[in-house]
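The values are calculated or read from the model by the stated rules, or taken from the named source; none is laboratory data. As the structure is a prediction and not an experimental result, all values here were calculated from the model. Don't worry about glycine lacking a Cβ; one is built from the backbone with ideal geometry, like all the others, and counts go over all protein chains shown.
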Amino acid sequence: MFLLGGLFTVQANENPKGKAECIWKNTAYEYFCDTCGCGGNGGSMGFGTGLNNNFVGLRYIGQKYRSRDGIFDNSPWINENFNTVQAWGKLPVGKRVLVNALLPYHSHNRTFADNTEQTINGIGDATVLAYYNVLRQTPDSVISIKPEHALQIGGGVKMPTGSFDAANIEGSVNPSFQLGTGSWDYILAANYGITHRNWGLSALLNYTIKTENSKSYLFGNQWNVALNTYKTYYLSPSISLSPQIGLGGEIFEENKEFSLTVPDTGGEVYFARFGVEANYNSYALGISSMLPIAQNLNEGKVEVKNRVSLYLNINI
């Protein structure tokens, strides 16, 4: 993956004096996005733009899916669009603890075979996560000579601030057309990063434990994994550009209703990710695209078409 540098022709300057290198760009945090509606069918945990950066920001996430409008293999396909704007941030609590939070607003729509449409809008499920810095970046000079490692381990909770409509799980094989899961869900997370000079590599592993909501519906637990690499080009003392490339995966257990397994739920999807982040002083602007390279969701009755993300963060 470190062949990435050959893909870009901009000359990479060394880190300007006085500007600290970050272990993580948004590559480590791109994958949590409350995806496929309420988060019941995707997205992995992550927040923020850098290990040493505290920030607040906004992120837009657009996703396109198609799913069967019914339980049969020949049921017609319907197109589904999921649009989310997230307010997110990261703040330190003491020397080794970081608290991350996000609150999404969703606007989703889908078009049925008879050209009728359904739209839902509203606040999604809020998430709060705390990380403990097991290993921290310790640069030995303005420009890192040796590889620098960082490891964060944490956990958190997703709160049912978004509404769950039981009517949206009837007939459709995509029960995640929701604003929220309606349940308290719990997250275990680990992030690892390494940098050497202008290169960076990040990896994450998350597991979400979901609980039954008040409508006796239980979204399946999920695993999320990601591996990303980037190279930072310093165009001036205040401007840098970081092309990024990576892989991600999402694995879902089957859903349950009234303690019975819901047919045609669960599965996995794997993505290739391409993006770029531009930094100007305390501002970070990024854009990325995630394209599926292999998938089997809901026994093939749900398909991811693509995901795009655009964010603007302010380091504080």
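Here is how the numbers come out for the structure above:
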item	result
From V302, V308, residue being at pLDDT below 95 and either within 22 Å of H108 (Cα to Cα) or among the basic types (K, R) (or both)	V302
Any hit, the stretch 6-26, residues being on the phi > 0 side of the Ramachandran plot, at pLDDT below 75 and out of contact with any strand residue (DSSP E or B) (no Cβ under 6 Å at 6 or more places or on another chain)	yes
Residue count for the stretch 224-266, restricted to those that are assigned to a loop (DSSP other than H, G, I, E, B) and among the aliphatic types (A, V, I, L, M)	1
Per-region count, the stretch 133-182, residues modelled with pLDDT of 90 or more, of a type in the set (V, I, T), touching a Phe, Trp or Tyr at 6+ places or on another chain (Cβ under 8 Å) and not in a loop (DSSP other than H, G, I, E, B)	2
Residue match in the stretch 113-122 (condition: part of a strand (DSSP E or B) and among the acidic types (D, E))	yes
Sole residue being within 18 Å of L291 (Cβ to Cβ) and either surrounded by 15 or more Cβ atoms within 10 Å (Cβ to Cβ) or touching a residue at least 12 places away in the same chain (Cβ under 8 Å) (or both), chosen from G89, G57, G70, G62	G62
Sole exception among (1) out of contact with any helix residue (DSSP H, G or I) (no Cβ under 9 Å at 6 or more places or on another chain); (2) in contact (Cβ under 8 Å) with a residue 24 or more places away in the chain; (3) in a strand (DSSP E or B) for S288, by number	(1)
Residues being of a type in the set (S, T, N, Q), in contact with an Asp or Glu (Cβ under 8 Å, 6 or more places away or on another chain) and outside any strand (DSSP E or B) - total across the stretch 60-105	1
When residues of the stretch 258-286 are limited to those that are under 17 Å from F55 (Cα atoms) and surrounded by fewer than 20 Cβ atoms within 10 Å (Cβ to Cβ), the one nearest to the chain's Cα centre (by Cα)	L285
